[in-house]
Each structure stands twice: as C-alpha cells, then as structure tokens.
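Here's the structure, in structure tokens; my notes come after.
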Amino acid sequence: MQQVERLLKGVLRAFDMDTLEQGEKKAAAHIRRLMVDARLDIRDYELSETRAEQLKCAAAARKRLDKLQANILLTGSVFGPADTAQLSAELERISASLV
C-alpha cells in the first residue's frame, strides 16, 4: 500500500489542481483522504488480534480500496492510462490479499 501511496502522491503533486474541472478536483481531493484511510484500514487489519476483528477490518479496507479505485478512474486527465492500469492492478492485488 505504501508503494501505491507514493505513486499517487507523486502524480497528484506533479499536477496543477487549478486546471482540473470541478468534479475531477473533488475526486483528486477525495483520493488523498481515501489513500490515508485505506492505509490505516490495512494497518488495523494487520494488527487485529481476533479473526472477527480481522474480517471486519478487511471488509472496511476492501470497501475503501474500491472507492479509491473508482475515484482514480474519475480523474482520467490526472492519471494517464498506464498509471491507471498500474494503480488498478495494485489495488486489486492488495484487496485480494485481505483474506
């Protein structure tokens, strides 16, 4: 997740947010929040002491990762096709590993 976070931050930092349409600007801001929340959800999953707690954290993390991926797709002008494909694949891999 840290690799995904670094890539997302790098792309968002390099892009001028003032040139985006209102919907894309809102999605980009939402991406930043979701990114941090997803990382924290995954941390909670890894630190869970019981299986029930782990399942609860995994469900929350998967839901947030899906939202993150949807917002990445909404900001098509920020992320190019290659970045979008790479990020989508990484997010799906992370989501699948939350068992």
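Before we move on, is residue 53 open to solvent by 70 Å² or more (accessible area, probe 1.4 Å), assigned to a loop (DSSP other than H, G, I, E, B) and free of Cβ contacts under 8 Å to residues at least 12 places away in the same chain? No; evaluated as a whole, the condition is false for this residue. Every test in (1) open to solvent by less than 80 Å² (accessible area, probe 1.4 Å); (2) closer than 26 Å to residue 96 by Cα is passed by residue 24 save one, and that test is (2).
Here's the yes/no breakdown for (1) of a type outside the set (Gly, Ala, Ser); (2) more than 12 Å from the chain's Cα centre (by Cα):
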{"position": "14", "(1), (2)": "no, yes"}
{"position": "36", "(1), (2)": "yes, no"}
{"position": "45", "(1), (2)": "yes, yes"}
{"position": "53", "(1), (2)": "yes, yes"}
{"position": "69", "(1), (2)": "yes, no"}
{"position": "81", "(1), (2)": "yes, yes"}
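Among the criteria (1) at pLDDT 85 or above; (2) surrounded by 15 or more Cβ atoms within 10 Å (Cβ to Cβ), the one residue 11 does not fulfil is (1). Take the conditions acidic (Asp, Glu) and touching a residue at least 60 places away in the same chain (Cβ under 8 Å) and apply them to residue 46. Does it pass? Considered against the rule, which asks whether it is acidic (Asp, Glu) and touching a residue at least 60 places away in the same chain (Cβ under 8 Å), residue 46 comes out as no. Scan the stretch 9-36 residue by residue and report those that are hydrophobic (A, V, I, L, M, F, W, C) and not in a helix (DSSP H, G or I). Within the stretch 9-36, 15, 20 qualify.
The values are calculated or read from the model by the stated rules, or taken from the named source; none is laboratory data. Computed from a predicted structure; not experimentally measured. With ideal geometry, Cβ positions are generated from the backbone for all residues, glycine too; neighbour counts draw on all protein chains shown. We work out accessible area using only protein heavy atoms, side chains counted, and drop any ligands, DNA or RNA first. Shrake-Rupley method; radii C 1.70, N 1.55, O 1.52, S 1.80 Å.
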